[in-house]
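Here the structure is laid out as structure tokens; the discussion comes afterwards.
The values are calculated or read from the model by the stated rules, or taken from the named source; none is laboratory data. Bear in mind the structure is a predicted one, so any value in this text is a computation, not a measurement. Here Cβ is always computed from backbone atoms with ideal geometry, including for glycine, and neighbour counts include all displayed protein chains. Side chains included, ligands, DNA and RNA excluded: accessible areas come from the protein's heavy atoms. Shrake-Rupley method; radii C 1.70, N 1.55, O 1.52, S 1.80 Å.
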Amino acid sequence: MKIGMLGFGTVGQATVSTLLKNAEEIGRRFGGTVELVAVATRTPAKATGQVPAHCRVSNQIADVVNDPQIDVVVELMGGIDDAYKAVMTALENGKHVVTANKALLATHGNEIFNKARQRGCIVAFEGAVCVAIPVIKIMRESMSANRIESVMGIVNGTSNFILTKMREDGLAYDLAVKQAQELGFAEADPSFDVNGNDAAHKIAILTSLAFDVPVNLAAVQMDGIAKIHIEDIKYVETMGYRIKLLASARQSESGLFVSVQPTLVPLDHMLASVNGEMNGVHIKGDISGPTFHYGAGAGGTATSSAIVADLLDIGRMLHCDARHFVPLTGFAAPRNSAPVYIAPGASVAPRYLRFTVNDTVGVLATISSELARAGISVDIIHQDVPKHGHTNVLVITHDVALEALNQALHSLQKADSIEYEIVSLPVMSN
């Protein structure tokens, strides 16, 4: 099998290293050879000496995507527009594609998959989501006997590292971000991670695989971790929870709800134990029941493992009729109806609320009565020890529609006894 590579950054270099280091093992597993014959990169000098001697290196994408001897194009360019053009050209030319580009698939996945079906090609993308966890293969193949009921995961290592440092070391948010940057877990501008964009791309892809719907990034309800306070991290721990940036997709009778948001996860749930830069994914099928998958979610070496595994999968199918390929999104037959998505305000879940209030008589009654008047049932209510004339009232509700809760909180926010903005976070439902 002859492959061409687009891009030679950290992941490209790691992929070549993996192919060379484990060539014998890869050959025994594949039953053939995986030969890198061409690389296109903006900096050809960087690749010279790192690729096999016979491998051609240039700065022209066309040298790879139009080369008739290449069977598979490995897209590791990053970005969206140029990568999209390159992948579509490769598919049009009848070449299979491996990519780890989550942004590309979340934005143009539907067009790419349609082109691949038309041309009888494979698109493999294990490295796009939770790279060391084979979650794409699990969703496309291992869970194929199931109706998926829910997918929940900690899929952004940067945000998880920051929240872990806030909890374990008591760091304020800004200091935790700075430490993540110093260790290379966060970019100089961390907004793509901490605002939830990265996780949204990933859950959009997983939702398509789980529920046989088109990739729909716009349907993901997104909130990040920048407003998480250290005191809430401490409070919820005493109440039996841990705050995680949770990406989730859940099917109910009302429709499909897909979100990325800071969420209270029960301490006895496996996702609560996913710390640092690690990832974890919880999948619940109607036949399998709950399954849990854990591993590194980023890094060149881990990503190269997923890319090479994809290459071997394609190699094993190269001589099959296209009808016998593993379906690109796990479903061979198209969906008969358009998916129904639940609007944000109609989403139902328990909520954690923190009210910072003046320590005056009747303030607890004011909060309780307003919530009761709105028909909001309270599971836990707790008043902290007063300090300097202020105190915090902590509430966990039973299931409540977000729109109804927000209306009640809007009224409470106007009360003279309420100081600062009311904190409201969802609580994970099993």
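What are the residues in segment 403-417 that are touching a residue at least 24 places away in the same chain (Cβ under 8 Å) and either assigned to a helix (DSSP H, G or I) or not charged (D, E, K, R) (or both), if any?
E403, A404, L405, N406, Q407, A408, L409, S411, L412, A415, S417
Restricting attention to segment 382-430, and to residues there that are open to solvent by 60 Å² or more (accessible area, probe 1.4 Å) and under 30 Å from S252 (Cα atoms), which single residue is nearest to the chain's Cα centre (by Cα)?
N430
Do we find that M143 is open to solvent by less than 50 Å² (accessible area, probe 1.4 Å), farther than 24 Å from E75 by Cα, out of contact with any helix residue (DSSP H, G or I) (no Cβ under 6 Å at 6 or more places or on another chain) and not polar (S, T, N, Q) in this structure?
Yes: the conditions hold for M143.
Applying the selection to segment 173-209, what residues are out of contact with any helix residue (DSSP H, G or I) (no Cβ under 6 Å at 6 or more places or on another chain) and touching a residue at least 40 places away in the same chain (Cβ under 8 Å)?
Y173, G196, A199, A200, I203, L206, T207, S208
If I filter segment 353-364 down to residues being under 41 Å from the mean Cα position of the chain (by Cα) and of a type outside the set (S, T, Y), which single residue comes out as surrounded by the fewest Cβ atoms within 10 Å (Cβ to Cβ)?
Ranking the qualifying residues of segment 353-364, first place goes to N358.
How many residues does segment 363-402 hold that are outside any strand (DSSP E or B) and free of Cβ contacts under 8 Å to residues at least 12 places away in the same chain?
Here the count works out to 5.
Of K234, K244, which residue is open to solvent by less than 10 Å² (accessible area, probe 1.4 Å) and more than 21 Å from N101 (Cβ to Cβ)?
So the residue among K234, K244 that is open to solvent by less than 10 Å² (accessible area, probe 1.4 Å) and more than 21 Å from N101 (Cβ to Cβ) is K244.
Take E370 and tell me if it is open to solvent by 40 Å² or more (accessible area, probe 1.4 Å) and among the charged types (D, E, K, R).
no
Between residues in segment 63-85 that are open to solvent by 40 Å² or more (accessible area, probe 1.4 Å) and residues that are of a type outside the set (A, V, I, L, M, F, W, C), which pairs lie under 6 Å by C-beta distance while being six or more apart or on different chains?
Listed by first residue and then by second, the contacts come to Q69/K2; D71/K2; M77/G7; I80/T107; Y84/H108.
If you go through segment 120-137, how many residues are open to solvent by 10 Å² or more (accessible area, probe 1.4 Å) and within 18 Å of A200 (Cβ to Cβ)?
1
Give all pairs with beta carbons closer than 9 Å in which a residue from segment 32-43 that is open to solvent by less than 60 Å² (accessible area, probe 1.4 Å) meets a residue that is among the hydroxyl-bearing types (S, T, Y); count only pairs at least 6 apart in sequence or on separate chains.
Sorted first by the residue in segment 32-43, then by its partner, the pairs are L36/T15; A38/S58; V39/S58; A40/S58; T41/S58.
Given the criteria touching a strand residue (DSSP E or B) at 6+ places or on another chain (Cβ under 6 Å), open to solvent by 50 Å² or more (accessible area, probe 1.4 Å) and among the hydrophobic types (A, V, I, L, M, F, W, C), does V281 qualify?
Considered against the rule, which asks whether it is touching a strand residue (DSSP E or B) at 6+ places or on another chain (Cβ under 6 Å), open to solvent by 50 Å² or more (accessible area, probe 1.4 Å) and among the hydrophobic types (A, V, I, L, M, F, W, C), V281 comes out as no.
Which of the numbered conditions does V265 fail, given that it passes all the others? Conditions: (1) assigned to a strand (DSSP E or B); (2) over 22 Å from S424 (Cα atoms).
(2)
With the condition kept exactly as written, say whether any residue in segment 325-345 is open to solvent by less than 50 Å² (accessible area, probe 1.4 Å), touching a residue at least 40 places away in the same chain (Cβ under 8 Å) and in a helix (DSSP H, G or I).
yes
Being open to solvent by 10 Å² or more (accessible area, probe 1.4 Å), farther than 30 Å from E231 by Cα and part of a helix (DSSP H, G or I) narrows it down to one residue among E111, E168, E149; which is it?
Only one candidate passes the filter, namely E111.
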